[in-house]
Amino acid sequence: MNTPERSVELDCRGMLCPLPVIELAKRHTEVPVGELVVVLADDVAARTDIPAWCRMRGQEFVGEDGPGRYVVRRLS
């Protein structure tokens, strides 16, 4: 998966649940609608937390782009 140039990468490695999702919630508006936020997280809970956050907040979970690399598209 190739992320476009207009993306934000959040390094949340070493953070435990729920901190990666909190960081995503605070910073996803830094990209324009339609662009991507990449969350780097090594907490095992991120695998379920990030897609769940996307469903609850109306954002698109694009998928994992490698181990611990979660891609979210801002929809609103």
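The values are calculated or read from the model by the stated rules, or taken from the named source; none is laboratory data. Keep in mind that what you see is a predicted model, and the values were worked out from it rather than measured. Every residue, glycine among them, receives a Cβ derived from its backbone with ideal geometry; neighbour counts consider all protein chains shown.
On the given criteria, is Val62 farther than 22 Å from Leu16 by Cβ, part of a loop (DSSP other than H, G, I, E, B) and out of contact with any helix residue (DSSP H, G or I) (no Cβ under 6 Å at 6 or more places or on another chain)? Let's see the steps before the verdict.
Numbers: farther than 22 Å from Leu16 by Cβ: yes; part of a loop (DSSP other than H, G, I, E, B): no; out of contact with any helix residue (DSSP H, G or I) (no Cβ under 6 Å at 6 or more places or on another chain): yes.
Taking the combined requirement at face value, the residue does not satisfy it.
Let's see how each residue does on (1) in contact (Cβ under 8 Å) with a residue 24 or more places away in the chain; (2) not in a loop (DSSP other than H, G, I, E, B):
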site	(1), (2)
Pro20	yes, yes
Leu24	yes, yes
Arg27	no, yes
Arg47	no, yes
Pro51	no, yes
Pro67	no, no
Ser76	yes, no
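Between Arg27, Arg57, the distinction of being closer than 15 Å to Ser7 by Cα and basic (Lys, Arg) belongs to Arg27 only. Of all the criteria given as (1) in contact with a strand residue (DSSP E or B) (Cβ under 7 Å, 6 or more places away or on another chain); (2) in a loop (DSSP other than H, G, I, E, B); (3) modelled with pLDDT of 95 or more; (4) of a type outside the set (Phe, Trp, Tyr), the one not satisfied by Thr3 is (3).
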